[in-house]
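S.K.: Structure incoming, see below.
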Amino acid sequence: MKFSLAPIAVVTLSALSASAYTIKFVNNCSYTVWPAVGKAPNGKPDTSVRFGAKLAPKASTSFNVGDKQLGIRAWGRTGCDSNGANCKTGRCNGGLVCNDAGITSNCILSEYGFGDNGPQWGGQRTFWNLSRAGLSGKPSLPLNIPTRLKGPDGQTVACTSGSCPASQCYLKDSDHGAVRNSPLGGTFTHTFCP
Ligand SMILES: *[C@@H]1O[C@H](CO)[C@@H](O)[C@H](O)[C@H]1NC(C)=O
Ligand SMILES: *[C@@H]1O[C@H](CO)[C@@H](O)[C@H](O)[C@H]1NC(C)=O
């Protein structure tokens, strides 16, 4: 009787890993970075998905997100206080873990969302990008930390200078050359100072 639970646990675990992707943050900067994840579909913060951490130079950390989530945003903060609050760049409302999904962070973001454009387009996919798009009509957001984002299938985009190409990162909402999509699951690597 005692052992009959084991197969159930295995099934549950594999079901979980098949329905989430991982955002892995790698800090390749010479300074500490405080990564954050939040959810804000259509710009509306939803605290059901959020994460914050402190990453020393060369350290890394990971966070899992359900495949069907929409409006997922990840970014790095610099110059925070000992509580991970009051950051110089990328700041949010909240402390180490943000309450506002970074809608006030004013910096480059990696963004992720579920989509299904039909079987001829690969069915269920994760759509993703780097974005510095400001609100419509507003200037693009500052590049607070040089950033590279690599998808689970090896596709890679990067923005490492203030004038990075629109094929790599949204500078405005119409830069659709910046969008990428990948199979569900797997690991996205968000590298600071690649
Ligand atoms: C980037 O991708 C996410 C997820 O698909 C999407 O919600 C977001 O609108 C995209 N960014 C821009 C600037 O279009
Ligand atoms: C880390 O940064 C160095 C330059 O400072 C670069 O040569 C190296 O490729 C970077 N590593 C990663 C994993 O981005």
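S.K.: May I ask you to list the lysines whose Cα is less than 27 Å away from that of K88, ignoring any residue fewer than eight positions away on the same chain?
M.R.: Filter leaves K24, K39, K44, K54, K58, K138, K150, K172.
S.K.: Moving on to the next point. Going 7 Å from the Cα of N83 in the Cα-to-Cβ direction, what parts of segment 43-73 have a backbone nitrogen less than 19 Å from that spot?
M.R.: Under 19 Å, as judged by backbone N against the label point of N83, lie 51-55 of segment 43-73.
S.K.: Quick one: grab the alpha carbon gyration tensor of the chain, order the square roots of its eigenvalues as a ≥ b ≥ c, and give me rounded if a/c is under 1.5, else prolate or oblate depending on whether a/b is larger than b/c.
M.R.: oblate
S.K.: Still on this structure: Go ahead and estimate [θ] at 222 nm for the chain from helices alone: -39,500 (n - 2.57) per DSSP H run with n ≥ 4, summed, over the residue count, rounded to 500.
M.R.: Details: 1 runs with 13 residues, N = 194.
Taking each H run of at least 4 residues, the total per residue is -2000 deg cm²/dmol.
S.K.: Related question: If one computes the Cα centroid of segment 140-187 and of segment 67-128, what distance in Å separates the two points?
M.R.: Using only Cα atoms, the two centres lie 13 Å from each other.
S.K.: Taking segment 16-46, which chymotrypsin sites (Phe, Trp or Tyr not before Pro) meet the DSSP loop condition and have no more than 16 other C-beta atoms within 10 Å?
M.R.: Y31
S.K.: Among the trypsin sites (Lys or Arg not before Pro) in segment 80-136, which ones are in a DSSP loop with at most 11 other Cβ atoms within 10 Å of the Cβ? Mind listing them?
M.R.: K88
S.K.: Net charge around R77, counting only other residues with Cβ within less than 14 Å of its Cβ (Lys, Arg = +1; Asp, Glu = -1)?
M.R.: On the way: positive: R50, K54, R73, K88, R91; negative: D81, D100.
Within the 14 Å Cβ shell, the charges total +3.
S.K.: Length gain on complete extension for the stretch L135 to D100, per 0.36 nm per residue less the alpha carbon to alpha carbon distance?
M.R.: 11.0 nm
S.K.: Just to be sure I understand the model, the point goes 7 Å from the Cα along the line to the Cβ. What's the resulting D46 to D173 distance in nm?
M.R.: Going from the D46 label point to the D173 one covers 2.0 nm.
S.K.: Could you work out what % of the accessible surface of segment 89-194 is carbon and sulfur, using a 1.4 angstrom probe and leaving DNA, RNA and ligands out of the count?
M.R.: Working: 2540 of 4810 Å².
Result for segment 89-194: 53 percent of the exposed heavy-atom area is carbon or sulfur.
S.K.: Something else: Within segment 153-194, what residues put their amide N at less than 14 Å from the label point 7 Å along the Cα-to-Cβ vector of A20?
M.R.: Label zone hits: 185-188.
The values are calculated or read from the model by the stated rules, or taken from the named source; none is laboratory data. Everything quoted here is computed from the prediction, not taken from an experiment. Cβ: placed from backbone, ideal geometry, glycine included. Neighbour counts: every protein chain shown. Areas reflect the complete protein model, heavy atoms only, side chains present, ligands, DNA and RNA absent. Shrake-Rupley method; radii C 1.70, N 1.55, O 1.52, S 1.80 Å.
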